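Participant: I am attaching a structure below and will ask some questions about it afterwards.
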Ligand SMILES: *Cc1c(COP(=O)(O)O)cnc(C)c1O
């Protein structure tokens, strides 16, 4: 298959393991354990049981009849990852990694978080499995996401502030890698997206691939055919690769990743890595990154905290190079309009991240004919974003 990584986790020229020697042992131990357990029927049965009995899988593939009628083109289906426990797709990856860590004899999870979504999911899995948990979070983000900090503490997790650099997600990732180097015997680094050194991009993708495994069967059941397009938002790229994976071999299915353009790809206030980034090496992988004129990682911006990572997973970089997947920028304004549109049209408030994919569906569905079908992944629910959207519209909810 073209989409399995070649030696040492390469996706075309991307991916790899660009890490200091001190981290090599941890990464090799993880690679060997994952190779062993991914093919183990007992491990997979246990994970499926967790997905179904704890996370609420399989998630619905919902036919958005009102939206379809209103747009007057392709039939729109929503893959409802927003209905999972903790409100997003993140739990799929976290349950997989926490279970693997347990099998490896680890008693402690560490994780990075930006907006707090991955931190909350990891804290949740740690509580469930009786593991110790420490989450690293930029001090800027801790202030902006105080509610999620408290949520993690409720779940029994220690949150450690990171003040290095810009005090945001990329600095939290760097700090978590540093901590892992210091303590690999009892600790697993539960990384939150399809990024970092091999085996993370492959392993996280495999755990998220449950999205397209279900969606493919569900659309065949509902429509008797494959979709014409699958759309998902792209931050690091985990919900998107999970949504694409089982359709990659189906040439007639367009795969469309929707990036956060922020205030526009012709401004500096953007997080659209494919549109504005360049090839580079950061956080253990070769891929595309937003960089300044000196090749330093550029500060990124999006209204959506979950999409403002300055890079993209290496498998997406490969799918971009080969042309198998398309990546399109979606601005804050377009995403906010889509957030409001889906809320009033379908009674579903999407995460502002997911609203980026909804926005692109609103653009393309009317250009397609009524026999055509698109699937849009709703990566998460939007309750967490309501106050920020109100603020964007000039209303202060005094939260
Ligand atoms: C974290 C998050 C994202 C972005 O992460 P990916 O790895 O690109 O999927 C998207 N949507 C929601 C709801 C999130 O919480």
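Every number here is computed from the coordinates shown, using simple stated rules; none is lab data. In this text the structure is predicted, and so the values were computed from the model without any measurement. Here the Cβ positions follow ideal geometry from the backbone for every residue, glycine too, while neighbour counts run over all protein chains shown.
Participant: Over all directions, how big on average is the projection of the convex hull of the alpha-carbon atoms in the stretch 303-381, in square nanometres?
Facilitator: So the mean shadow area of the Cα hull is 6.1 nm².
Participant: A follow-up question, please. Once the Cα atoms of the stretch 271-346 are picked out, what are the Rg and Dmax in Å?
Facilitator: 14.3, 46
Participant: While we're on this one: Using only the alpha-carbon atoms, how far is helix 21-37 inclined from the longest principal axis of the chain? Give it as 0 to 90 degrees, nearest 10.
Facilitator: 60
Participant: As a check on your grasp of the helix formula, calculate [θ] at 222 nm for the chain: sum -39500 (n - 2.57) over DSSP H runs of n ≥ 4, divide by the residue count, round to the nearest 500.
Facilitator: -12500 deg cm²/dmol
Participant: For the chain, just list the percent of Cα-Cα distances falling in each 10 Å bin from zero outward, please.
Facilitator: Taking all Cα pairs of the chain, the binned fractions are 5, 25, 36, 25, 8, 1 percent.
Participant: Restricting to Cα pairs below 8 Å that are 6+ residues apart, what does the relative contact order work out to for the chain? Please round to a whole percent.
Facilitator: Reported relative contact order: 20 percent.
Participant: So, in nm, how far is label residue 40 from label residue 340 when the simple model puts each one 7 Å beyond its Cα toward the Cβ?
Facilitator: 5.2
Participant: How do the peptides 105-111, 183-189 rank, highest first, by the average count of neighbouring beta carbon atoms within 10 Å per residue?
Facilitator: Sorting 105-111, 183-189 by mean packing, highest first, produces 105-111, 183-189.
Participant: Roughly what % of DSSP beta bridges within the chain run antiparallel, to the nearest 5?
Facilitator: Numbers: 15 of 51 bridges.
Antiparallel bridges: around 30 percent, rounded to the nearest 5.
Participant: Now for a different question. Where does the stretch 235-387 land on Rg(C-alpha)/(2.2 N^0.38 Å)?
Facilitator: 1.03
Participant: Let me ask you something else. Ranked from highest to lowest mean number of other Cβ atoms within 10 Å per residue, what is the order of the peptides 86-95, 135-144, 340-349? Mind dumping the intermediate values first?
Facilitator: Numbers: 86-95: 26.7, 135-144: 21.8, 340-349: 17.2.
Ranked by mean Cβ neighbours within 10 Å, highest first: 86-95, 135-144, 340-349.
Participant: Go ahead and collect, in residue order, the members of the stretch 151-168 whose backbone nitrogen is under 14 Å from a label point 7 Å along the Cα-Cβ direction of residue 132.
Facilitator: The answer is 157-159.
Participant: Report the full-extension gain for the segment residue 25 to residue 69: residue separation times 0.36 nm, less the Cα-Cα distance, to one decimal in nm.
Facilitator: Taking 0.36 nm per residue and subtracting the Cα distance, the gain is 10.3 nm.
Participant: Length gain on complete extension for the stretch residue 52 to residue 363, per 0.36 nm per residue less the alpha carbon to alpha carbon distance?
Facilitator: Roughly 108.5 nm would be gained on extension.
Participant: Hey, another quick one. Would you mind checking the tilt of helix 41-50 against the longest principal axis of the Cα atoms of the chain, expressed as 0 to 90 degrees and rounded to 10?
Facilitator: The angle comes out near 60 degrees.
Participant: With a cut-off of 18 Å, note down the residues of the stretch 269-303 whose backbone N falls inside the zone around a label point 7 Å from the Cα of residue 10 toward its beta carbon.
Facilitator: 279-282, 284-288
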